[in-house]
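One structure is given below, encoded as structure tokens.
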Amino acid sequence: MSLILERLVKELPQLGDILYSIIQRKYDIKDSIWELSLVVPAGQTIYAKVDVPKDIIYFERGYEFDVDKLGVISFTHYHDGRLIMKDITIDDSILSFRYSTPEICVNYFEVYVTNNDTVDHTVKVKGLYKAVPRELYDRVRVL
Amino acid sequence: MSEKYVKKASFPQSIKVEIKVIKEGEVIESYIREVS
């Protein structure tokens, strides 16, 4: 059933929007933001692993970055061990990034922020997501 | 527990964050903390 639904949504994107707006209204799903502001020493990488709360899952919609220097910070990102972005250099084109379709994250996500410069830098990462009740996700998943 | 690498960690709910500092492929520092 979920495969049929997935195919329908792929072929009729507006159906996905309609279904999503119904679910969003019924379950009061709101936009949320997490934020990490890191000081990354020269030539080093900061790794952060964040556990998703047990009662929700994340539908990641995109990211916003704020760096004190462009072109010297690279970003790698995983959802539940699945590679989402690999060694993306943070420059003008990526400062405000949105996925074409939300990326699901069920249990945890990981970020690697690498400073390729010779001086320390501060990097702010904002994750834009919708928090969906885990109970709803579990019900839809087994359809 | 060193906080010098994390200036701010903000999440709508209380959440566990594990931090590692990696230099030349080696983890030189790591810690876990609860943030909200």
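Answer yes if at least one residue in the range A:100-109 is more than 25 Å from B:Lys7 (Cβ to Cβ), aromatic (Phe, Trp, Tyr) and under 14 Å from the mean Cα position of the chain (by Cα), and no otherwise. No: zero hits. Are any residues in the range A:78-93 among the polar types (S, T, N, Q) and either part of a strand (DSSP E or B) or surrounded by 14 or more Cβ atoms within 10 Å (Cβ to Cβ) (or both), and if so, which ones? Of everything in the range A:78-93, just one residue is among the polar types (S, T, N, Q) and either part of a strand (DSSP E or B) or surrounded by 14 or more Cβ atoms within 10 Å (Cβ to Cβ) (or both), namely A:Thr89. A single member of A:Val123, A:Val106 is in contact with a strand residue (DSSP E or B) (Cβ under 9 Å, 6 or more places away or on another chain), more than 12 Å from every other protein chain (Cβ to nearest Cβ) and closer than 20 Å to B:Ser10 by Cα, and it is A:Val106.
Can you pull out the residues in chain B that are under 22 Å from A:Gly43 (Cβ atoms) and of a type in the set (A, V, I, L, M)? Across chain B, the qualifying residues are B:Val6, B:Ile19, B:Val21, B:Ile22, B:Val27, B:Ile28.
Selection of the range A:19-51 for residues being assigned to a loop (DSSP other than H, G, I, E, B), in contact (Cβ under 8 Å) with a residue 12 or more places away in the chain and more than 8 Å from chain B (Cβ to nearest Cβ) yields A:Ile29, A:Lys30, A:Ala42.
A short reminder: the numbers here are calculations on the coordinates, not readings from a lab. Source: prediction; values computed, not measured. Cβ sites come from the backbone with ideal geometry, for glycine too, and all protein chains shown count toward neighbours.
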